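Report on the structure given below.
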Amino acid sequence: MSTMSVRDDASVVQRIFDHIDNRTTDLSAETWREPVENYRSAERFAAERELVLRRYPTPFCPSAALPESGSYIARDAVGTPILAVRGADGRARAFRNACRHRGTQFAAGAGCEKAFVCRYHGWTYGLDGALRHVPHEYGFPGLDKSARGLVPLATAEVAGMVFVTQDAPSPPDASLDQLPPIISPQHRLLQSAELEVPVNWKIFAEGFLEGYHIRSTHTETFYPVQFDNLNVIDTFGRNHRIAFPYRAVNKLRTMAPADWSVDGKLTYVYHLFPNVMIATFPANIFMTVLDPVAVDRTVLVTYILTTRGPDDVEAQTTIKRGGDFVTIGAAEDREVVCAIQRALASGANEFFEFGRFEGLIGHFHRELDAALEFGKSRPPARPDGTPSR
Ligand code: FES
Ligand SMILES: [Fe+2]
């Protein structure tokens, strides 16, 4: 059984100091070769979506995106329109965003509502999904409204995020128990954005999981403030956390370990299997969902959160400066990963080789292979146990 814990901040800092002093970094035991075909094959992509991405509890949005009763987020996830909404009882729920009359989406974007009125013919649903009103109901003799509520999806609120599972059965290792605290309840949503990029979702994910590219790719951005190829990695269950220290971490050397704070001293990137990344920065957190829309296209859904108040002028300056910086660094990452995609069909490589600095990527592919095997052995069903198609 793999552990769900990550090491504490002081242990991470101590390990960073050891790596700085010894010019080392965390290494995996083995290298990994991933066939290029696995990034190109339509069959493989369909299996990943149906047998893995829709089968795991996956962060849909941060809890902070649903701050009050009626707050909602509606967007597609892995090809399915989904609504997440906070009920009058404070619970976050998710539903298939398809009207029970003729299937149109009854909610779009984000906002706050007391009820959802379908724009096509006006069927109206409560925040709990119940079908409340059907205009001219006499046209549907015998309609049992209690049986035509919105179709619910398994939903859990853990570690500051709303997790949604689209199809059952989830693999046995899909438990959310003991997930470390990642986003604190004090966070609020600053902004969200969507961007489509012409790249396979796994190639994009790989870019978050190693620091071996810092000096070459981020020469003018991250490298001057960070280190090249100096990371502390943790694996918890099927998930990962990688620490990217800033050079400012050395300031902690004069302080007692009990007083060490990693805020402003490193970025943690959490990878929640299979497709969500959460990166911590001074004064804010970026949560990015890599939503795979085609074998060669991914929509990046990003939520930016902060604990700082709108009147905290210093924090606003830090957020603005940090945001500009991260935007440039992220563009550098997009450039290299999209370049990989363009040459996938060239035949130059039959496999990509991930070295011992890139061990989390090997772990990711191992977990994905295992999840695919489980999926093939157990046909998908709705979370309530009924067949999904
Ligand atoms: S499709 Fe929604 S009311 Fe007709
Ligand atoms: Fe990068």
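The values are calculated or read from the model by the stated rules, or taken from the named source; none is laboratory data. Just so we're clear, the structure is a prediction, and the values are computed from it rather than from any experiment. Virtual Cβ from ideal backbone geometry, glycine too; neighbours counted across all protein chains shown. Keep in mind that these areas ignore ligands, DNA and RNA; they rest on the heavy atoms of the full protein, side chains included. Shrake-Rupley method; radii C 1.70, N 1.55, O 1.52, S 1.80 Å.
A few notes on this one:
- Rolling a 1.4 Å probe across the protein heavy atoms gives segment 1-157 an accessible surface of 49 Å² per residue.
- The residues LYS145, LYS320, sorted by heavy-atom accessible surface at 1.4 Å with ligands and nucleic acids left out, run LYS320, LYS145 from largest to smallest.
- Our note on the geometry: Cα centres of segment 111-129 and segment 146-205, 23 Å apart.
- The reciprocal of the average 1/r between distinct C-alpha atoms defines the Kirkwood hydrodynamic radius, which for the chain equals 22.4 Å.
- For segment 1-132, taking the reciprocal of the average inverse distance between every pair of different Cα atoms yields a Kirkwood hydrodynamic radius of 18.9 Å.
- Straightening the chain between SER146 and ASP263 buys 37.1 nm, computed as 0.36 nm per residue apart minus the Cα-Cα spacing.
- SER41-ALA88 pseudo-label distance in nm [points 7 Å out on the Cα-to-Cβ vector]: 5.1 nm
- Relative to the longest principal axis of the Cα atoms of the chain, the long axis of helix 359-377 makes an angle of roughly 30 degrees.
- FRET efficiency, 1/(1 + (r/R0)^6) with R0 56 Å, evaluated for ALA29 and THR124 via beta carbons: 0.45
- Using alpha-carbon coordinates, inclination of helix 313-342 to the longest axis of the chain, degrees: 90 degrees
- Helix 9-22 vs. the chain, principal-axis angle (Cα, 0 to 90°, nearest 10): 40 degrees
- Taking the protein heavy atoms of segment 234-389 in the context of the full set of protein chains, the accessible area attributed to carbon and sulfur is 55 percent at 1.4 Å.
- Sum of -39500 (n - 2.57) over DSSP H runs of 4+, divided by residues of the chain (222 nm, nearest 500): -6500 deg cm²/dmol
- Taking all pairs of distinct alpha-carbon atoms in segment 142-208, Kirkwood radius in angstrom: 16.3 Å
- For segment 215-359, the per residue solvent-accessible surface stands at 44 Å², with DNA, RNA and ligands left out and a 1.4 Å probe.
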